[in-house]
Structure formats: structure tokens, C-alpha cells
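K.L.:
Below you will find the structure I want to go over with you.
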Number of protein chains: 2
Amino acid sequence: MTYCLGIALKEGLVIAADSRTNAGVDYISIYQKLFDFSITGAKAIFLCVSGNLSITQQVLDEINGDLKTDAATNIHSLPAMHQIAQYIGEKVRSAQACHRPALEKDGIDYNCNFLLGGQLYGEDIKLYLIYSQGNFIRATPETPFLQIGETKYGKPILDRTLTYETSPPDAAKCALLSIDSTMRSNISVGPPVNLIMYFADSFEVQHRIRLENRDPYLIEFRKKWEVMLREAFITMPDIPWSELAKPEIESTSDDS
Amino acid sequence: MTYCLGIALKEGLVIAADSRTNAGVDYISIYQKLFDFSITGAKAIFLCVSGNLSITQQVLDEINGDLKTDAATNIHSLPAMHQIAQYIGEKVRSAQACHRPALEKDGIDYNCNFLLGGQLYGEDIKLYLIYSQGNFIRATPETPFLQIGETKYGKPILDRTLTYETSPPDAAKCALLSIDSTMRSNISVGPPVNLIMYFADSFEVQHRIRLENRDPYLIEFRKKWEVMLREAFITMPDIPWSELAKPEIESTSDDS
């Protein structure tokens, strides 16, 4: 599995990914899931991938192939982010058309998802989730984050704390926490964590980091978070246990 | 969906459940998922259910039927908790044998899970997860909690804070937080929340509560938690962004 998330904020974009790929529990490897196609001064383009590795790698190879051969349509020639999403969606459709019948026949998961985030000159920050079917949705101020892969473990912290107005540095900590919680609770998501923070209209990636599992910062971050959570229970108001509630959860033996 | 969890601690047991059942998104209803079969002074027995409602209700009806007819084997006659787990497992197998073929034929999920927790006189506290197949596992000091239903959203908070030594009141707050986070992030889990805290060797349930969504305590609890999380980001150490990491997440266009 994998876990990647993107957060499109008023002042910037945060995008993050783990690096674990597994085919069952006995074949676990490290693959980069976050790719940077930015051109400093002109465009910021980030791509995260999840799902069937053979399909996501084929899509990436084709994107890179179009760049290398200077194809008329490539990830750098398109003038709008939604056109890039459309372009990637078409690559996804063609990779699915090529491999899905054989995979489906043998019961192998052929699904793949992409997060595309960034900013082109003349546009606002954009963040898209591209599905296995090649269609895509866009993050909005009401729903500023999008996730792919093993998304459930890391969602509550995002739901509880993120808004469109959250500052990029706070959102980056939130993203790291969301990924770290997922790594802690699910063995199919694992380090290193790649994280990028991009400020709107900068057209330059000045903040990026790759954190290994034993990175001193990550260790300190985890420890501090866990201490804080435990302290929080103590300060949370005591549960007002009530005898009144008793009949409501009584044995059903009286009702049957 | 549903979310229930049990926590078997050194000093007690916490067991909690939401109350939402849904058949698709357009048929959502409230059903109690936590049942108390305790006999004050003699035995504490709690049961939580998740999965196919027709099957879990049939199992509950049969458990209650055996009690009502004073059958030789019933949930109160068995002298050990693992025998009660075995007894419920057999009810599950028989309900599955009855309904699974018809459900499976129409692609309807026939799975069901049960959490069985409590203490019989002469035994320690026990907590079991009984599967659709009727087999079961037991919580241990290394893994003190068990979950059924929509388990992923609420797992990180448990993984990060719970141990066998956690006090029952802290574990109860943790359980409430785990359920509340799940309700917040997934519409298929919903209030009221039923929660029981049992102290070892008391053989009496003195702490139980049923919290509706707009319960003033739950509102205060959520607000306080969200404020605390946001404050936590500010106090968490700043990410040591590093230019050194740059080549690691560079575009793959150079590699292809």
C-alpha cells in the first residue's frame, strides 16, 4: 500500500508521501512516490502515485518519455494545470487498457491513483486527484486536502485541524503527523517520508525534506506528540458517568 | 458500518460502540450495538456487534432465547469466558450457514464480528473478538485493545497512547476520542455512543454512559480536543527543511 496526501492552502501547497510498496506481506520494498516536475521561476508541478506499481511506473515513464523526446504535448508544454490532469488521465487510461484485462483475469488489483499539485504561471495553486479511470477531482477551499492509498488512519487529524486558512508550516506538520500515524498503525505504509512545502506565487521549491525512520527530528516529533496526547487525556474533562443511561444499554433479554 | 472497541486493562475493561447502521448511504438507522449481560455480584459480560444486521440480530435473539428458555447451555450457565466465546461462535456459524448462501448469491456482505468482554468469578478480565467464521482471538497485555467495524480512523490514537497499564478512566477518554474521530471522518459511524467502564473484580457496572451527538459533554470534549491539537502544531518542533534532500525527490526525467 501507500499513503500520499496533498493540501491546497490559501498561502501554499503541502504534498507528502511515504515510500513503501508491498506485494503481499512478504515482498516489501522502497519506491519513491513523490515526483517533482517543477521548473524554477516558471512552474511548480508535483506528482504522487499509489496503487499498482507496474501501472504507475508506466505512466511516469511515458510522462518522462514525452519530455525527453520533446513531444508536442508534454507535462511542461501544457498551459493549465487541469490540462496536465487531463494529459495524465489519458496516460492512465492507456496503461489501464494495456494491462487491466490480464491483471483482472488473475484477480490482481489494477487500480492506481495520482495526486497532481502545483502552480503554473498565471494560475492559482491547484490540486487534483486522478483516478484509475482517468477522471479527476480538484481540491477546493471547503475541502482543501486530497489523499490516495491507505487514507483512513491519517484522516481524523486532517479533519480536525486543517482549513484553507491554515499556514503552510502548520499544514506541513499536520501532513507529517498524518503520515506518521499511518506508518505507526499500518505496516504497509513506511519510511522514508518525502515532504514538500510550496509557497504560492514563489514558483520555486525552497522547502523539501526526506525523513528516514530513525531521523532524529522524526523521533523527537513522535515522542513529543505522544507525550502531548497522554497529557491531553489528563486535562480532558472527566466523563460524566450516569446511572440514567442504564436502561438504554441493558441486556436485550428483557425485550425479546 | 459500525465502530466498536474493547480495551482489556490491568485494572479494568472499557467497551464502547457507536449506534449507526446503514444499508447504502440512503438507508441509515440507529441500532444499539453494545449489550450488557452482566449479573451484579457474579459476572460482567458485555457484547458488541458489527456487520450484517440480520445475522447479528439473529445471534442476539438466540442468546436471549437460550436465557429465556433456561437452556442447559446459555450465556449465564457457562463457567469460563472462553466457553462463552465458543458458544457465541457456534451461534455465528449456524446463522452464517442459514443465510450466507442467499446473501453471497446477491453480492451482499454477510460478515459479522463480535466483541465479547468481561469477567466471570474466578477469572481475570477477558476480551475476545469473534469472527464471521466463529473462531476468535483474545486481547493480551501486549495488544490490549480489539476493534470491529470501521476500525482504521480510530486506531492511531489507541496505538499512540494505550498500554495495559493505562488507567480505566484514561482509557475511557481514549476510547471516546477514538469513536468520536471515526464519527467525524466517516458518515457510516454515528451517535449515540455507548460506553462502559468496568473495574476488575468489582462484578458490578458502576460506570456507563450514552452520549448523543449534541450532548454538552461531547461538544465540550470535541472543542477542547481540537483546540489542543491546533495548539500542539504550534509547539511541535519546526521541520528542519533541507536542501540536501533535493536530489532524492527530483524529477525522474533524468533517470529514464
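The values are calculated or read from the model by the stated rules, or taken from the named source; none is laboratory data. All figures in this text were calculated on a predicted structure; none of them were measured in a lab. Positions of Cβ are backbone-derived with ideal geometry, glycine not excepted, and every protein chain shown enters the neighbour counts.
K.L.:
Here are some residues: B:Ser19, B:Ser50. Which one is surrounded by 19 or more Cβ atoms within 10 Å (Cβ to Cβ) and either in contact with a Phe, Trp or Tyr (Cβ under 7 Å, 6 or more places away or on another chain) or among the β-branched types (Val, Ile, Thr) (or both)?
P.N.:
B:Ser19
K.L.:
How many residues are within 9 Å of another protein chain (Cβ to nearest Cβ) and touching a helix residue (DSSP H, G or I) at 6+ places or on another chain (Cβ under 6 Å) when one looks only at the range B:32-59?
P.N.:
3
K.L.:
Got a sec? Which of A:Gly149, A:Gly154 is at positive phi and touching a residue at least 40 places away in the same chain (Cβ under 8 Å)?
P.N.:
The unique qualifying residue is A:Gly149.
K.L.:
A further question on this structure: Please enumerate the residues belonging to the range A:32-47 that are crowded, with 20+ Cβ neighbours inside 10 Å and either among the aromatic types (Phe, Trp, Tyr) or at pLDDT below 95 (or both).
P.N.:
A:Lys33, A:Phe35, A:Phe37, A:Phe46 - these are the residues of the range A:32-47 that are crowded, with 20+ Cβ neighbours inside 10 Å and either among the aromatic types (Phe, Trp, Tyr) or at pLDDT below 95 (or both).
K.L.:
Right, A:Thr161: among the hydroxyl-bearing types (Ser, Thr, Tyr) and modelled with pLDDT of 95 or more or not?
P.N.:
no
K.L.:
Additional query: Out of the residues in the range B:184-216 meeting the condition of being more than 10 Å from chain A (Cβ to nearest Cβ) and of a type in the set (A, V, I, L, M, F, W, C), tell me which one is farthest from B:Gly12 (Cα to Cα).
P.N.:
B:Ile187
K.L.:
A further question on this structure: Residues that are touching a residue at least 24 places away in the same chain (Cβ under 8 Å), within 20 Å of A:Tyr128 (Cα to Cα) and among the small types (Gly, Ala, Ser): does the range A:50-63 have at least one?
P.N.:
Looking for residues that are touching a residue at least 24 places away in the same chain (Cβ under 8 Å), within 20 Å of A:Tyr128 (Cα to Cα) and among the small types (Gly, Ala, Ser), one finds at least one in the range A:50-63, hence yes.
K.L.:
Just to be sure before I move on: is A:Thr151 under 12 Å from the mean Cα position of the chain (by Cα) and closer than 29 Å to A:Ile55 by Cα in the structure I sent?
P.N.:
Yes; evaluated as a whole, the condition is true for this residue.
K.L.:
Kindly provide the set of residues from the range A:217-230 that are over 13 Å from A:Leu176 (Cα atoms) and at the interface with another protein chain (Cβ under 9 Å from one of its Cβ atoms), ordered by number.
P.N.:
The answer is A:Lys224, A:Glu226, A:Met228, A:Leu229, A:Arg230.
K.L.:
Next up: Of the residues B:Gly89, B:Gly122, B:Gly190, B:Gly118, which single one is surrounded by fewer than 24 Cβ atoms within 10 Å (Cβ to Cβ) and in contact (Cβ under 8 Å) with a residue 60 or more places away in the chain?
P.N.:
B:Gly190
K.L.:
Can I ask one more? Which numbered condition in (1) crowded, with 21+ Cβ neighbours inside 10 Å; (2) away from chain B (no Cβ under 14 Å); (3) at pLDDT 95 or above is the only one that A:Ser94 fails?
P.N.:
Against the list (1) crowded, with 21+ Cβ neighbours inside 10 Å; (2) away from chain B (no Cβ under 14 Å); (3) at pLDDT 95 or above, A:Ser94 comes up short only on (1).
K.L.:
Now for a separate question. Is there a residue in the range A:58-70 that is more than 26 Å from A:Ser167 (Cα to Cα), buried (at least 21 other Cβ atoms within 10 Å of the Cβ) and under 18 Å from the mean Cα position of the chain (by Cα)?
P.N.:
yes
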